[in-house]
Amino acid sequence: MRWLSPLEPNNRHQGVRTDRFDGVGDWLLETGEFREWRGGEGETDMAVLFCSGNPGVGKTYLR
Amino acid sequence: MIDSLCDQGGEEDVAVAAFYCDFLSQEEQTINNVIGAILKQLVGRGGVAKGLREAFQKAKREVGGRGPRLADLMGMLRTAIASLPQVFICVDALDECLPRCLPALLECLRDIGRESPSTRIFLTGRPHVKEDIQRCFTKMVVIPINPNTDDIRNYVETRLDRDADPEAMTTDLRADIVRVILEKISDMCVGPFRISTPLVMHAYQLCHVDSSLFRSISALF
């Protein structure tokens, strides 16, 4: 596995999970855009969701 | 996000692979390493293991051994994705990706999306990378993330609850701290996760109150 890549994104994920605050970003999960993207069936148009925001608005910490 | 996708997956067999781009590890985060890291999270679940072993053995026989080629990684990634019913790929902070790697990374993701239309790709980044992403995904959905007052309040309150010196806190002081931070953040268009020392100094000057407020705010961040 190390041969594939020396990077371990899971470690970072654990760190983010620990530092996350409950409820932050929950609103996103309720948006129509998110739901459509999440449940989209085979529509390539809807395959990509991009969350854009300034530094520190909490993009990484969306739950 | 990753945890929500996993939780919402429920009964379905949902595979989520995630990658966090990081300014501080840019040099390590080459396109091969990033694709490899995504692949690593998806193999073992599907039937890629055999192909992977073969590619590894072959590479080992070459002089000194070598890392996997991008084409090999992409091939294995395609196989892995094809063997799974639903795959989500999340890449955080594309603006922190090495500029020379970003176009290649986006192209790889685009190719995956084309071949496997059920794959869902979740990306985050500062607004300026939007155009780069749009070049590859003309019809992507964009959700702007703005500092949300409730999120900020929630964050500051939680930090205050964890205050190491709770005896020094009063209701008024607490209200002042929350107010000052909320005011300052909405002025500066930055989020609560980026509250820095200069901002704390600013907040202090702004409220002209006694030093206990300053100490309390400083202690938070």
Determine if region B:66-78 includes at least one residue that is over 17 Å from the mean Cα position of the chain (by Cα) and touching a residue at least 40 places away in the same chain (Cβ under 8 Å).
-> yes
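Residue by residue through region B:102-158, note down the ones that are assigned to a strand (DSSP E or B) and not hydroxyl-bearing (S, T, Y).
Residues of region B:102-158 that are assigned to a strand (DSSP E or B), as a first pass: B:120-125, B:141-144.
Passing the criteria: B:R120, B:I121, B:F122, B:L123, B:G125, B:V141, B:V142, B:I143, B:P144.
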Among the hydrophobic types (A, V, I, L, M, F, W, C) and surrounded by 22 or more Cβ atoms within 10 Å (Cβ to Cβ): does that describe B:I112?
-> no
Which one of these does B:P68 not meet: (1) more than 27 Å from B:D3 (Cα to Cα); (2) modelled with pLDDT of 85 or more; (3) crowded, with 16+ Cβ neighbours inside 10 Å; (4) not aromatic (F, W, Y)?
-> (2)
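Among the residues in region B:146-159, are any modelled with pLDDT under 70 and over 26 Å from A:L28 (Cβ atoms)?
Filtering region B:146-159 down to residues modelled with pLDDT under 70 leaves B:147-148.
Next cut, over 26 Å from A:L28 (Cβ atoms) only: none.
The answer is no; no qualifying residue exists.
Go over the candidates A:G56, A:G42, A:G23 one by one and state the one that is within 7 Å of chain B (Cβ to nearest Cβ), at pLDDT below 80, farther than 24 Å from B:D132 by Cβ and surrounded by 13 or more Cβ atoms within 10 Å (Cβ to Cβ). Spell out how you get there, then give the answer.
On the way: A:G56 fails: farther than 24 Å from B:D132 by Cβ; A:G42 fails: surrounded by 13 or more Cβ atoms within 10 Å (Cβ to Cβ).
Criteria check complete, one pass: A:G23.
The values are calculated or read from the model by the stated rules, or taken from the named source; none is laboratory data. Keep in mind it's a predicted model, so treat the numbers as computed, not measured. FYI the Cβ positions are ideal-geometry reconstructions off the backbone, even for glycines, and counts take in every protein chain you see.
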